[in-house]
Amino acid sequence: MAELQLAVIDVQPGASLESQSGLQMLRPRIYGAWRAPAGPKKVAAIVMHPTSNFMGHYLIGPLADRGIACMGLNSRYMGNDTLLLMERAIQDLGAGVQFLRAAGYERVLLIGNSGGAALASFYQAQAEKLTAHRFPDGDETHLHPHDLPPVDGIALCAAHPGRSKLLRDWIDPSVTDEHDPLSVDPALDMYDARHALPYAAGFLARFSAAQAARLERIERWVIERLRLLRSTPGAPRDQAFIVYRTHADPRCVDLSIDSNDRLPGSVWGDARQVNYSANAMGRTTSLTAFLSQWSSRSQADGPSNLARTRVPLLLLTYTGDASTFPSTRDAWMAAGGARIRNVDIVGGNHYLAGQPQLVQFAANAIAGWAEAL
């Protein structure tokens, strides 16, 4: 097996305090771990997530064994999305692409796994035509085309459609007080035993409408708060806040909705416990990060960005996934059109955890697709 190597890549600093480490702020760097097969430098791939540590990603070794140099790359926001700006995350991904191009690889691919799918799609859409000149809060991104060299193809695995879509589907509409994580309206509480399974169509319609309404209220408050800060002399340009209870997707407990091979619950365990936990998706954020990641103003929606690209595409659907579903697959397939083909990884859970044979199957599918490009 090819030896694991460390990639240390300098990146451009952002305008905000994106790290609590003084050294990282003065000399920002990102890190990756990769395996480079012996022989000609033909194909390399990057698998990257906005915040997850992918330096130990399950595809690095299997793809290297199949002749593809694979790097698990971390963004500057690894492990903490409180201040994450998707426009900075694609800049970090671009630095990784430049690293592999400089190493001499003829073709570079992106593997968008989980939340990395929307990141890869956003990256390539901007690489082909840069439009993200400003963040959703109005500040300039200072992105340049040379920051974002285009890649030659994108493979998507257990692909989320993007953070704004996730929060729209997962936010708990039963919260009655944004400052009290235990406040609840039983009529909208999907975890209340009085709402029998399968959920009634009327309950699901009210639930979805209330989800949209809560998210709109938060977004409206964010915009108003940001306007106040930036119109007040001497005030900070941003602030942190908490969004309680962000894991209430009826599909976690009602398997008749968007049915696949999944088991009940969340990819992180008991869905209700995750919903009330101190650390969950989107729990702690800032005004600017909320707009960039979680809001309707986010520029990082996955399928819409994928539709703007022109490269070959592959979708691996993990049919036992508890957080991506047939409707998710359909959205990606519609976005990719004739350029995309789907391969089902039958029974695959979101991380292919404890499923080594399926890891090999997925690696074979990606390697075969890459060879035919």
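Just a few scattered comments:
- For residue 15: the one exception among (1) modelled with pLDDT of 90 or more; (2) farther than 21 Å from residue 98 by Cβ; (3) of a type in the set (Gly, Ala, Ser): (1)
- Here residue 188 does not fit the description of being open to solvent by 80 Å² or more (accessible area, probe 1.4 Å) and aliphatic (A, V, I, L, M).
- Restricting 208, 256 to those that are of a type in the set (Ser, Thr, Tyr) and assigned to a helix (DSSP H, G or I) reduces the list to 208.
- Evaluated against (1) assigned to a helix (DSSP H, G or I); (2) open to solvent by less than 60 Å² (accessible area, probe 1.4 Å); (3) under 17 Å from residue 166 (Cβ atoms), residue 216 falls short on exactly one condition, (2).
- Annotation: of all residues in the stretch 248-278 being open to solvent by 50 Å² or more (accessible area, probe 1.4 Å) and among the hydrophobic types (A, V, I, L, M, F, W, C), the one that is farthest from residue 172 (Cα to Cα) is 263.
Per-residue answers, yes or no, for (1) open to solvent by 10 Å² or more (accessible area, probe 1.4 Å); (2) assigned to a loop (DSSP other than H, G, I, E, B); (3) touching a His at 6+ places or on another chain (Cβ under 8 Å):
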{"residue": "38", "(1), (2), (3)": "yes, yes, no"}
{"residue": "53", "(1), (2), (3)": "yes, yes, no"}
{"residue": "72", "(1), (2), (3)": "no, no, yes"}
{"residue": "83", "(1), (2), (3)": "yes, yes, no"}
{"residue": "87", "(1), (2), (3)": "no, no, no"}
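- From the list 319, 288, the lone residue that is among the polar types (S, T, N, Q), in contact with an Asp or Glu (Cβ under 8 Å, 6 or more places away or on another chain) and under 15 Å from residue 164 (Cβ atoms) is 288.
- Within the stretch 279-314, the set of residues being among the aliphatic types (A, V, I, L, M), closer than 19 Å to residue 339 by Cα, more than 15 Å from the chain's Cα centre (by Cα) and open to solvent by less than 20 Å² (accessible area, probe 1.4 Å) comprises 311, 313, 314.
- Residues of the stretch 219-236 that are among the charged types (D, E, K, R) and surrounded by fewer than 14 Cβ atoms within 10 Å (Cβ to Cβ): 220, 224, 227.
- Among residues of the stretch 126-155 that are open to solvent by less than 30 Å² (accessible area, probe 1.4 Å), those with a Cβ under 8 angstrom from a residue that is among the polar types (S, T, N, Q) and part of a loop (DSSP other than H, G, I, E, B), sequence gap 6+ or separate chain, pair up as 132/141; 132/299; 135/141; 136/295; 136/298; 136/299; 147/12; 154/309.
- Qualifying positions in the stretch 139-168 - of a type in the set (Val, Ile, Thr) and within 18 Å of the chain's Cα centre (by Cα): 154
- Any chance residue 285 is part of a strand (DSSP E or B) and under 18 Å from residue 218 (Cα atoms): yes
- Among the residues examined, residue 169 qualifies as under 30 Å from residue 345 (Cα atoms), in contact (Cβ under 8 Å) with a residue 60 or more places away in the chain and open to solvent by 40 Å² or more (accessible area, probe 1.4 Å).
- Pick from the stretch 191-207, criterion farther than 12 Å from residue 172 by Cβ, open to solvent by 40 Å² or more (accessible area, probe 1.4 Å) and not hydrophobic (A, V, I, L, M, F, W, C), ranking: nearest to the chain's Cα centre (by Cα): 206
- Search result, residues across the stretch 318-373 that are among the small types (Gly, Ala, Ser) and not in a helix (DSSP H, G or I): 320, 322, 323, 347, 348, 353, 354, 372
- As a summary of the residue check, residue 364 satisfies the conditions (1) over 22 Å from residue 56 (Cα atoms); (2) open to solvent by 30 Å² or more (accessible area, probe 1.4 Å); (3) touching a residue at least 40 places away in the same chain (Cβ under 8 Å) except for the one numbered (1).
- Residue 25 vs. criteria at pLDDT 95 or above, among the hydrophobic types (A, V, I, L, M, F, W, C) and more than 19 Å from residue 155 (Cα to Cα): no
- Hey, residue 95 touching a residue at least 60 places away in the same chain (Cβ under 8 Å) and either open to solvent by 30 Å² or more (accessible area, probe 1.4 Å) or on the phi < 0 side of the Ramachandran plot (or both) or not: yes
- Flag for residue 225 being more than 18 Å from the chain's Cα centre (by Cα) and assigned to a helix (DSSP H, G or I): yes
- Within the stretch 100-121, the presence of a residue that is in contact with a Gly (Cβ under 9 Å, 6 or more places away or on another chain), in a loop (DSSP other than H, G, I, E, B) and at pLDDT below 95 is excluded.
The values are calculated or read from the model by the stated rules, or taken from the named source; none is laboratory data. Quick caveat: nothing in here was measured; it's all calculated off a predicted structure. Neighbour counts are summed over all protein chains in view; Cβ atoms, including those assigned to glycine, are modelled from backbone coordinates with ideal geometry. Only protein heavy atoms, including side chains, enter the accessible area calculation; ligands, DNA and RNA are left aside. Shrake-Rupley method; radii C 1.70, N 1.55, O 1.52, S 1.80 Å.
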